[in-house]
Each structure stands twice: as structure tokens, then as C-alpha cells.
Amino acid sequence: MCPFPATLHRMPQKHPDFPNLHVFVHPLIQQKLTQLRDNRTNTETFRRRLNEIAGLMTFQISREFPTAEIEVETPLEMTTSRVLSKPVTLVPILRAGIGMTDGILALVPEARVGHIGVYRDEVTLKPVAYYAKFPPDVAAGPVLLIDPMLATGGSASHAVNVLRERGCDDVRMICLVCAPEGVRKMLQEHPDVMVYTAALDRQLNDKGYIMPGLGDAGDRIFGTQ
Ligand code: PRP
Ligand code: URA
């Protein structure tokens, strides 16, 4: 599953087979992912761990956000200091993306939040879009597209198309678990969108679920199973 040694790496690693994929092999992220995979983990713990992972990932992903120097007056004198120079927008894919959003907002409280509603048709596995709402200037800064599961890639690819229609050219995707099929689709259709994940799993099963995965993320976050 993971082509990297279990130690050594603190930073996300570019996957050797997928130039669009960064895998976080940090021990704390992997420890929490294991709890999320565990069938015995209850809804409350699932939500908490998912948000914790999202925050840990965001700390790394946001290294590339643009900054600018401004003047600020401390209690003692004027100085210069850095701030985020472009507005950051989080775009969770409903429903399951909501399960990571609070963890990201804890680190980037000034971020705006847009939403994209998409669900997979259970038979065709094709994305069905039902909602989209963004800040009018969503394209003015980095966009973090959020969905814990990248399976066929249909939902994520649709979401990026919607963002592109609004002019967004700086889009990153934050996931938890990916299937090779979904990463490949994103590479073909949106090669400039870097996908950050805690795991690249083996494959999809015949119902489109990621194997070994963690089941239906939305159901586990919201207790609807
Ligand atoms: C899940 C998940 C992704 C999508 C991934 O949502 O949260 O959005 O499936 O599958 P894909 O890569 O094959 O498109 P789901 O369709 O179950 O909707 P829900 O979050 O409303 O339950
Ligand atoms: N959506 C999920 O929630 N889980 C999967 O394994 C695939 C799609």
C-alpha cells in the first residue's frame, strides 16, 4: 500500500506513480487514520480524529499560501510582519467534506467556506450535482477542496470543473483515503490540482468502495448508517 518506509518522513511525500499525489506519512496522521479505519470507532471519535487529521495536513499544505509583509505597531514600536496576502477559501464537498472543515478552520480561521453538493449515484457511480455556493471572489486566492474519500474521482473532478468555471486556478484537494482509480482520473483531467492524502489504498470494490478504506465516510461522520 504505502511505498515509503515507516520511519524517516515528516513531510508529505510525492508518490512515485502519481505526480499529483502527496501522501502524509507523519506518525500522528497515520495513528489517527488507523482509528478512523477501525470499525469499532464510534461517531464522536471518528469526527474528532478526522478534524484533527485535517488540521495536521493543513499545517503542511498551507506552507505554499502566498504572504505579504505589512507594518504593525507592537506595544513598543512599529515593525514589519507577514500576513496571508490572498483570501483562502475552503470548499467541502457535501456531505463528508464537512467532517474535515472545522479542523481546517481551527488553523485558518479567516478562511471563507464555499460548498459543493454532489452525491454518487449508487448504480452508475456517476456524480449527481445538487448545490454550489461560493464567495463571489473565490478565484482571488487559494482554494482547498475538501473530501475525505477520493474513489472513482467523479465527485472531485466535477467539483474542480465547477471551480474552474468560476476562474479558480489555484486549487488543492485535501483527502483522507484515495483509490488509484480516482487519483488517475484527477491526473488525467486536472493534472495541476495536487491531491493531499493520508493513504493511497489498494483498489475499488465492485460497488465503488475504497478497499480496505473505512466504509462510507458520510455515514460514519454523521451516524446515519
Ligand atoms: C462520498 C465521498 C465523496 C464520494 C467519492 O460521498 O464523500 O464525495 O463519495 O466517490 P467518487 O470519488 O467515486 O465520486 P457520497 O456520494 O457517499 O455522498 P454523501 O457524502 O452525501 O454521503
Ligand atoms: N465514498 C465513501 O464514503 N467511501 C468509499 O469507500 C467510497 C466512496
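Miscellaneous remarks
- Residue-normalised accessible area of the chain, expressed per residue, 1.4 Å probe, Å²: 51 Å²
- Total formal charge among the other residues, if their Cβ is under 12 angstrom from that of Asn20, Lys/Arg +1 and Asp/Glu -1: +1
- Label zone at Asp137, where the point sits 7 Å out along the Cα-to-Cβ direction: region 83-126 residues whose backbone N lies under 19 Å: 83-91, 109-115
- 3J(HN,Hα) couplings calculated from phi for region 82-96 with the Karplus curve 6.51 cos²θ - 1.76 cosθ + 1.60 (θ = phi - 60°) are, in sequence order, 9, 9, 5, 9, 10, x, 9, 10, 8, 10, x, 7, 6, 8, 5 Hz; Gly and Pro show x.
- With a Förster radius of 45 Å applied to the beta-carbon distance between Gln225 and Asp169, the computed FRET efficiency rounds to 0.75.
- Nonlocal amide H pairs with Met194, under 5 Å, H built at 1.01 Å: Met173
- Rolling a 1.4 Å probe over the protein chains gives Arg166 an accessible area of about 110 Å².
- With all protein chains in place and ligands, DNA and RNA left out, the 1.4 Å accessible area ranks Arg220, Arg164 as Arg164, Arg220, largest first.
- The relative contact order of the chain comes to 21 percent, based on Cα pairs under 8 Å that sit 6 or more residues apart.
- Computed about its Cα centre, the charge dipole of the chain is approximately 600 debye, with only Lys, Arg, Asp and Glu carrying charge at their Cβ.
- Net charge of neighbours whose Cβ lies under 14 Å from the Cβ of Gly182, counting Lys and Arg as +1 and Asp and Glu as -1: 0
- For region 7-222, the share of DSSP beta bridges that are antiparallel, to the nearest 5, is 45%.
- Karplus 3J(HN,Hα) series, Hz, for region 15-21 with 6.51 cos²θ - 1.76 cosθ + 1.60 (x for Gly, Pro): 6, x, 8, 10, x, 8, 10
- Once the chain from Ser81 to Thr43 is taken as fully extended at 0.36 nm per residue, the excess over their C-alpha distance is 9.6 nm.
- Carbon plus sulfur fraction of accessible area for the chain, probe 1.4 Å, in percent: 52 percent
The values are calculated or read from the model by the stated rules, or taken from the named source; none is laboratory data. Because the structure is a prediction, the values reported are computed rather than measured. Ideal geometry is used to build each Cβ from the backbone, glycine not excepted, and the neighbour counts take in all protein chains shown. The area values use the complete protein model at the heavy-atom level, side chains included, leaving out ligands, DNA and RNA. Shrake-Rupley method; radii C 1.70, N 1.55, O 1.52, S 1.80 Å.
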